[in-house]
Amino acid sequence: MLTIATMLRDIPRLEAPQAELILRLFAARDDVDRLVSLVQDVPRTAQYARNLHSDPYSSRMWRRILVLHAADVLLETAGVESVEGTPYEYCNTGDSYATTLIYNSETDQLSLGSWADIIAARESCSA
């Protein structure tokens, strides 16, 4: 289970309030009222949600997208990317070996790592 302490240890530029908010947003991913309220604490994500043509809170998939968008904003990364052929999405730091936030859609879990680690693990499994 991902903790604030682990996030602060492994992502040096991250501060406790941002780490806490990321975990609170993720915990609220299936609680629409709570998620709507928490998203307001990330103005860029709140604006993103308002600009969508349909209600992003009505879909489980879109609620996860909002949570990852907010994490991207809070981490000051360069967008959320996916690793083709895997269930992983990550906040793009611009450095394939930098520790970042990773979401696994199969397990619905957050973890820390690098996308280079995901590729290396995938290649070792297929070898």
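The values are calculated or read from the model by the stated rules, or taken from the named source; none is laboratory data. None of these values were measured; they are calculated from a predicted model. Glycine also receives a Cβ, built like all others from the backbone with ideal geometry; neighbour counts cover every protein chain displayed.
Remarks
- Pairing each residue of the range 72-92 that is touching a residue at least 12 places away in the same chain (Cβ under 8 Å) and at positive phi with any residue that is exposed (fewer than 13 other Cβ atoms within 10 Å of the Cβ) and in a strand (DSSP E or B), provided the two are 6+ apart or on different chains, yields no C-beta distance under 7 Å.
- Residues in the range 77-119 that are of a type in the set (D, E, K, R) and over 13 Å from the mean Cα position of the chain (by Cα) were compared, and the one that is farthest from Leu2 (Cα to Cα) is Glu84.
- Yes/no for Glu84 being at pLDDT below 95, of a type in the set (D, E, K, R) and either more than 21 Å from Ala28 (Cα to Cα) or in contact with a strand residue (DSSP E or B) (Cβ under 6 Å, 6 or more places away or on another chain) (or both): yes
- Failed condition for Arg122, given (1) surrounded by 15 or more Cβ atoms within 10 Å (Cβ to Cβ); (2) under 17 Å from Leu2 (Cβ atoms): (2)
- Of all the numbered requirements in (1) surrounded by 13 or more Cβ atoms within 10 Å (Cβ to Cβ); (2) modelled with pLDDT of 95 or more; (3) in contact with an Asp or Glu (Cβ under 8 Å, 6 or more places away or on another chain), Gly79 misses one, and that requirement is (1).
- Screening the range 93-107 for residues that are without any contact (Cβ under 8 Å) to a residue 60 or more places away in the chain and surrounded by 13 or more Cβ atoms within 10 Å (Cβ to Cβ) and picking the one that is farthest from Leu14 (Cα to Cα) gives Ser105.
- In the range 11-25, the residues that are farther than 15 Å from Val67 by Cα and exposed (fewer than 15 other Cβ atoms within 10 Å of the Cβ): Pro12, Arg13, Glu15, Ala16, Pro17
- Restricted to the range 67-95, and to residues there that are in contact with a Ser or Thr (Cβ under 6 Å, 6 or more places away or on another chain) and not β-branched (Val, Ile, Thr), the residue that is farthest from Ile22 (Cα to Cα) is Pro87.
- Any hit, the range 26-47, residues being touching a strand residue (DSSP E or B) at 6+ places or on another chain (Cβ under 8 Å) and either surrounded by 12 or more Cβ atoms within 10 Å (Cβ to Cβ) or among the polar types (S, T, N, Q) (or both): yes
- Every condition in (1) of a type in the set (A, V, I, L, M, F, W, C); (2) in contact with a strand residue (DSSP E or B) (Cβ under 6 Å, 6 or more places away or on another chain); (3) under 20 Å from Arg29 (Cβ atoms) holds for Val73 except the one numbered (2).
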